[in-house]
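Trainee: Sharing a structure here in C-alpha cells format.
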Amino acid sequence: MKPIRIPWLSYLVIALGAVAMVFPFLDMVFSSFKSASEYARLKYTLLPEHFVFDNYRMAFEQLKLSLLFKNSILRSVSITLLVLMTSSLAGYTLAKLRFPGKNLVFRFILSTMMFPAFLFFIPNYYITVHFPLIGGNDIAGNGGVGGLAASPLGLIVPFAVSGFGIFLMRQFIMNIEDAYLEAARIDSAGELRIFFQIVLPMTLPALSTLAIIEFIGSWNEFIWALLMNSVNADMATLPVGIQMLKSHLDPTLTQPLVMSGLVIATVPILLVFIFLQKYYVRGMMNSGLK
C-alpha cells in the first residue's frame with residue numbers, strides 16, 4: 001500500500017514557517033517609522049498611520065550611530081579576516097601535513113568547542129587589561145589605562161582564532177586531492193606557495209561559509225563588547241549602544257528610535273548573507289558537515 005501524499009500540506013507548513021520568521025522583521029521595520037505615541041498604543045497595528053522618517057535622523061544623533069557603526073564594522077571585518085587566515089592555515093596544516101602529535105592537537109582544538117564562550121571572558125578580560133607594555137602598562141601589566149582593552153585591539157584579538165573555523169576548514173581541505181599538492185611539490189613549490197596558489201582558491205565555498213558565520217557572530221556579540229565599553233566608552237558597538245539607550249531612557253519615547261537603530265544594524269548582515277549565500281550552502285555540503 002502506497003503512502004498517501006499531500007503536497008499542499010508541505011507547502012502550507014513551509015509558508016506558515018516563512019511567515020513566522022519574516023513577521024518579527026517586518027514589525028521591526030514598520031515600527032521604526034511610527035511615532036512614539038502611536039507605538040505606545042495598546043491597540044496593535046502593523047502598518048504605521050503616518051510614516052515618521054525623522055526617527056532615523058534622531059537615531060543617528062541620540063545613538064551616535066556613526067561611531068557605533070564604525071566600531072562594529074571595524075570589529076566584525078577584522079575578526080572575520082583574522083579567523084579566515086588562522087583557520088585556513090591551521091586547517092591545511094592538520095589536513096595535509098604530517099608531524100608528530102597532529103591528531104592530539106586536533107583533538108585539543110575540538111575540545112575547545114565543548115566550552116561556552118563566556119567561560120573565557122573573565123581570564124581574557126584580565127589578560128587584555130593587564131597586557132604588558134601596552135596602554136601605559138609596565139612590564140608587569142600594571143599602572144596603565146586598560147592595556148589592550150583601551151584600544152580597538154581589545155575587541156578583536158580575543159576572537160582571532162576559532163576552533164569551529166579550524167574544524168570546518170580541515171574537513172573541507174581533506175576533500176582536496178593529494179595529487180594536486182604532490183604535483184606542485186615535484187615542481188619545487190614550497191608549502192606556503194601550495195597553500196596560497198592551489199589550496200586557498202579551492203576553499204572559497206568554505207571560506208565564504210566561515211565568513212558569514214564569523215561576521216554575524218561578531219556583529220551581534222554583546223557581552224564582551226559591553227566589558228570593553230566599561231574600560232573605554234568610545235569602543236561601544238551597535239548592540240551595546242542600542243541596549244544602553246533602552247536602559248537609560250523612557251522606552252515609550254525611545255522604542256521607535258531603537259527600532260530604527262536595529263534596522264540599520266541588520267542591513268550589513270543581510271548584505272553579507274545575500275552576496276555569499278550560494279557559497280554558504282556549497283561549503284556546508286563539501287565540508288562533510290550534516
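The values are calculated or read from the model by the stated rules, or taken from the named source; none is laboratory data. Since this is a predicted model, take the numbers as computed values, not measurements. Note: ideal-geometry Cβ built from the backbone for every residue, glycine included; neighbour counts use all protein chains shown.
Trainee: Can you give me the ranges of the helices (runs of 4 or more DSSP H) entirely in the stretch 51-121 with at least 2 residues that are modelled with pLDDT of 90 or more and of a type in the set (Phe, Trp, Tyr)?
Mentor: Where helices (runs of 4 or more DSSP H) fall fully within the stretch 51-121 and carry at least 2 residues being modelled with pLDDT of 90 or more and of a type in the set (Phe, Trp, Tyr), they are 102-112.
Trainee: Another question, then. Can you find, within the stretch 203-238, the residue that is nearest to LEU155 (Cα to Cα) among those that are among the acidic types (Asp, Glu) and in a helix (DSSP H, G or I)?
Mentor: The residue in question is ASP234.
Trainee: Return the pairs, sorted by first residue and then second, in which the second residue is in a helix (DSSP H, G or I) and among the basic types (Lys, Arg), the first residue lies in the stretch 204-215 and is at negative phi and surrounded by 23 or more Cβ atoms within 10 Å (Cβ to Cβ), the beta carbons are less than 9 Å apart, and the residues are 6+ apart or on different chains.
Mentor: ALA206/ARG282; THR209/ARG282
Trainee: Does any residue of the stretch 126-133 turn out to be within 24 Å of ALA211 (Cα to Cα), surrounded by 17 or more Cβ atoms within 10 Å (Cβ to Cβ), of a type outside the set (Gly, Ala, Ser) and out of contact with any Lys or Arg (no Cβ under 6 Å at 6 or more places or on another chain)?
Mentor: No: the stretch 126-133 contains no residue that is within 24 Å of ALA211 (Cα to Cα), surrounded by 17 or more Cβ atoms within 10 Å (Cβ to Cβ), of a type outside the set (Gly, Ala, Ser) and out of contact with any Lys or Arg (no Cβ under 6 Å at 6 or more places or on another chain).
Trainee: If you take the residues in the stretch 275-290 that are under 19 Å from LEU84 (Cα atoms) and either in contact with a strand residue (DSSP E or B) (Cβ under 7 Å, 6 or more places away or on another chain) or loosely packed, with under 15 Cβ neighbours inside 10 Å (or both), which one is modelled with the highest pLDDT?
Mentor: Once the filter is applied, the top-ranked residue is PHE275.
Trainee: If I go through the stretch 81-112 residue by residue, how many of them are surrounded by 13 or more Cβ atoms within 10 Å (Cβ to Cβ) and touching a residue at least 60 places away in the same chain (Cβ under 8 Å)?
Mentor: Looking only at that region, the number is 14.
Trainee: Answer yes or no: is there a residue in the stretch 222-229 that is touching a residue at least 24 places away in the same chain (Cβ under 8 Å) and under 30 Å from VAL52 (Cα atoms).
Mentor: no
Trainee: Quick one: SER247 ticks every box in (1) at pLDDT below 85; (2) in contact with a Ser or Thr (Cβ under 9 Å, 6 or more places away or on another chain) except a single one, so which number is it?
Mentor: Looking at each condition in turn, SER247 falls short on (2).
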